[in-house]
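For reference, the structure discussed in these notes is given below.
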Amino acid sequence: MNVKPDFSKNANAAQTAPAFLSVWDMHAYYGESYIVQGINFNVHEGEILALLGRNGAGKTSTLRAIARLGDPQVTHGEIWLDHQPLHNMASHEAAVAGLGLVPEDRRIIPGLTVEENLQLAQIVEPIGWSLDRLYDLFPRLGERRKQEGVTLSGGEQQMLAIARALARDIKVLLLDEPYEGLAPVIVDEIEKTLIHIKEQGMTTVIVEQNAVRALELADRSVILDTGTIVFDGLASEVLENEELRAEYLAI
């Protein structure tokens with residue numbers, strides 16, 4: 001008889017470092033659909049966490065719930081960032097508190113140049129990275145600063161979306177499918193950027209269908225299955241565990 005693998009001993013594993021972003025007993029719905037079913041996990045300052053799972057597992061919903069977007073609707077639970085409770089905040093308040101979400105569709109604003117997209121993000125105080133620092137991080141954006149943002153290539157739009165998040169004084173960068181539709185060489189470039197900003201102290205949560213690339217980048221991983229956490233541990237453990245990858249990531 002086949003027995004379903006049990007990775008629960010790793011789920012919500014205790015960490016010795018203090019949590020920087022904490023999600024506690026979070027439940028969320030789309031209408032009557034119970035999408036996020038009482039999950040708990042921590043993200044530690046300066047680390048990259050890969051939030052993984054099959055399609056429909058609840059990854060993007062979890063990211064949107066953390067960002068307080070209102071869809072899905074969070075009905076119970078707590079979200080804390082650097083000792084601040086986010087769970088009663090509106091999305092704009094959570095953004096001011098330090099969350100920077102880069103959505104899957106990037107949301108580049110039509111009619112605005114690259115530089116205007118970045119300047120718009122800096123209207124809200126406190127300002128994060130300067131334009132010069134962002135152009136050093138993304139030289140292509142510096143070369144195209146006067147070009148309308150929506151006319152950039154897909155990879156360049158992703159760079160602009162990340163740069164726009166960093167233009168504010170964020171504490172945690174939330175990335176939803178940042179590699180989607182991008183050539184491997186562009187993915188390499190974005191990964192180098194994420195490693196660089198990690199070295200600057202940035203904390204990052206990445207949701208990504210390309211699980212192997214995300215795991216190779218990340219320090220730790222949380223794996224979701226139908227709205228619940230089935231693994232919480234080192235990313236290297238997932239890469240080394242064929243059974244776990246096959247059961248929950250189909251790789």
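Scanning the stretch 140-165 for residues that are small (Gly, Ala, Ser) and surrounded by 15 or more Cβ atoms within 10 Å (Cβ to Cβ) yields Gly142, Gly149, Gly155, Ala161, Ala163, Ala165.
Yes/no per residue for (1) in a helix (DSSP H, G or I); (2) assigned by TED's automatic domain parsing to the domain that holds Ser91; (3) on the phi > 0 side of the Ramachandran plot:
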| position | (1), (2), (3) |
| --- | --- |
| Leu141 | yes, no, no |
| Lys146 | no, no, no |
| Val150 | yes, no, no |
| Gln157 | yes, no, no |
| Leu160 | yes, no, no |
| Ala163 | yes, no, no |
| Pro178 | no, yes, no |
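Going by the structure shown, is Ala250 out of contact with any helix residue (DSSP H, G or I) (no Cβ under 7 Å at 6 or more places or on another chain), within 26 Å of Trp24 (Cβ to Cβ) and outside the structural domain of Asn42 (by TED's automatic domain parsing)?
Against the criterion (out of contact with any helix residue (DSSP H, G or I) (no Cβ under 7 Å at 6 or more places or on another chain), within 26 Å of Trp24 (Cβ to Cβ) and outside the structural domain of Asn42 (by TED's automatic domain parsing)), Ala250 does not qualify.
Just give me the residues in the stretch 237-251 being of a type outside the set (Phe, Trp, Tyr) and under 16 Å from Glu208 (Cα atoms), in sequence order. Scanning the stretch 237-251 gives Val238, Leu239, Arg245, Leu249, Ala250, Ile251. Checked against (1) modelled with pLDDT of 95 or more; (2) of a type outside the set (Gly, Ala, Ser); (3) in contact with a Leu (Cβ under 6 Å, 6 or more places away or on another chain); (4) surrounded by 20 or more Cβ atoms within 10 Å (Cβ to Cβ), Glu191 passes all but condition (4). Examine the stretch 63-82 for a residue that is in the same structural domain as Glu45 (by TED's automatic domain parsing), under 26 Å from Pro184 (Cα atoms) and of a type outside the set (Phe, Trp, Tyr), and state whether such a residue exists. Taking every residue of the stretch 63-82 in turn, at least one turns out to be in the same structural domain as Glu45 (by TED's automatic domain parsing), under 26 Å from Pro184 (Cα atoms) and of a type outside the set (Phe, Trp, Tyr). Within the stretch 132-144, being of a type outside the set (Lys, Arg) and without any contact (Cβ under 8 Å) to a residue 24 or more places away in the chain holds for Asp132, Tyr135, Asp136, Pro139, Gly142, Glu143. One residue alone among Glu116, Glu125 is over 24 Å from Leu49 (Cβ atoms) and modelled with pLDDT under 95, and that residue is Glu125.
Taken across the stretch 1-24, residues that are exposed (fewer than 15 other Cβ atoms within 10 Å of the Cβ) and modelled with pLDDT of 95 or more do not occur at all. Just one of (1) out of contact with any strand residue (DSSP E or B) (no Cβ under 7 Å at 6 or more places or on another chain); (2) among the aliphatic types (A, V, I, L, M); (3) outside any loop (DSSP other than H, G, I, E, B) fails for Leu182. It is (3). Does Ser221 satisfy the criteria of being among the hydroxyl-bearing types (Ser, Thr, Tyr), assigned by TED's automatic domain parsing to the domain that holds Asn40, at pLDDT 95 or above and in contact with a Gly (Cβ under 8 Å, 6 or more places away or on another chain)? Yes. The condition of being part of a helix (DSSP H, G or I) and over 17 Å from the mean Cα position of the chain (by Cα) does not hold for Val230.
The values are calculated or read from the model by the stated rules, or taken from the named source; none is laboratory data. Values in this document were obtained by computation on a predicted structure and should not be read as measured data. As a convention, Cβ positions derive from the backbone with ideal geometry for all residues, glycine included, and neighbour counts pool all protein chains shown.
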